[in-house]
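*Asks:* What follows is a structure written as structure tokens; I'll ask about it next.
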Amino acid sequence: QVQLVESGGGLVQAGGSLRLSCAASGSIVSINAMNWYRRAPGKQRKLVASITSGDSTYYADSVKGRFTISRDNAKNTVYLQMNSLKPEDTAVYYCNAPMVFTTDGYEYDYWGQGTQVTVSS
């Protein structure tokens, strides 16, 4: 069993910064890519940023230049540094690890419970 636990969400004024963390724990052998998604009120969940085990990154156009994804493989943790936040960044942010290789010899797709980010104007 593997758990992803997010932290770091909250309320911030426009132009401010927040840093999200997502720690994976449990019967983990290795984790390939780790992703951050978000779901804004009334909208579908969208991919925000992704990082591979080799530290290749992807960013949605809406966050390029403002958000930075990173990971600590030794801690099985992924981070999302969010700068210059805008009201339109308000959403529930979810951590996702789509290919977690576990001690039972299989790969699984895991999601965190989500953390609320609210940006006030």
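*Asks:* Taking only segment 9-41 into account, find how many residues are farther than 18 Å from E107 by Cα and modelled with pLDDT under 95.
*Replies:* Count: 1.
*Asks:* Among the strands (runs of 3 or more DSSP E) confined wholly to segment 1-106, which include 2 or more residues that are touching a residue at least 24 places away in the same chain (Cβ under 8 Å), touching a Leu at 6+ places or on another chain (Cβ under 6 Å) and closer than 16 Å to T118 by Cβ?
*Replies:* 77-82
*Asks:* Moving on to the next point. For segment 71-85, which positions are surrounded by 15 or more Cβ atoms within 10 Å (Cβ to Cβ) and over 15 Å from the mean Cα position of the chain (by Cα)?
*Replies:* Matches in segment 71-85: L85 only.
*Asks:* Also, quick follow-up: Which residue, of G16, G54, G10, is at positive phi and surrounded by fewer than 16 Cβ atoms within 10 Å (Cβ to Cβ)?
*Replies:* Just a single option satisfies the conditions, and that option is G10.
*Asks:* Tally time: how many residues in segment 87-121 are in contact with a Gly (Cβ under 8 Å, 6 or more places away or on another chain) and of a type outside the set (S, T, Y)?
*Replies:* Qualifying residue count, segment 87-121: 6.
*Asks:* How many residues does segment 95-121 hold that are closer than 13 Å to N35 by Cα, open to solvent by less than 40 Å² (accessible area, probe 1.4 Å) and under 10 Å from the mean Cα position of the chain (by Cα)?
*Replies:* 5
The values are calculated or read from the model by the stated rules, or taken from the named source; none is laboratory data. What you see is a predicted model; the values in this text were computed from it and never measured. FYI the Cβ positions are ideal-geometry reconstructions off the backbone, even for glycines, and counts take in every protein chain you see. The protein model used for the area step is the full one, side chains on, heavy atoms only, and it has no ligands, DNA or RNA in it. Shrake-Rupley method; radii C 1.70, N 1.55, O 1.52, S 1.80 Å.
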